[in-house]
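A short worksheet on the structure shown next.
Derivation of every value follows stated rules applied to the coordinates shown; laboratory data play no part. Computed from a predicted structure; not experimentally measured. Cβ placement follows ideal geometry from the backbone for every residue including glycine, while neighbour counts extend to all protein chains displayed.
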Amino acid sequence: TDPELATRAGRSARHDRLDVELSAWCAARERDTLVDLLLGGGIPAAPVLHPREAAANLQMRARGFFEAETHPVTGAN
């Protein structure tokens, strides 16, 4: 543990270093693994979904998040 990062002021003063280190840490892991690790550490986290993943999300479908629309030119949904 780095004592310089123990306070908000210390972390703020070293934000560039933190960005580099966090970016490297995240880049070395898969998205879902990152979410699990962060949540397991008590850090709020959720994956950023590709639009296709969002459309297939069962909870979003069950809540009626998506609505079918008819395209004004092609008539397709």
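Structure notes:
- Rounded tilt (10° steps) of 15-27 against the dominant C-alpha axis of the chain: 60 degrees
- From its DSSP helices (H runs of at least four residues, each -39,500 (n - 2.57)), the chain gives a residue-normalised ellipticity at 222 nm of -14000 deg cm²/dmol.
- Farthest toward positive dipole pole in the chain [+1 Lys/Arg, -1 Asp/Glu at C-beta], among 26, 42, 3: 42
- For the range 22-77, chymotrypsin sites (Phe, Trp or Tyr not before Pro) are listed when DSSP marks them as loop and at most 12 other Cβ atoms sit within 10 Å of their Cβ; the list is 65, 66.
- Here residue 71 and residue 50 are evaluated by their C-beta separation; at R0 = 30 Å the FRET efficiency comes out at 0.85.
- Rounded to 10°, Cα long-axis angle of helix 31-40 versus longest principal axis of the chain: 60 degrees
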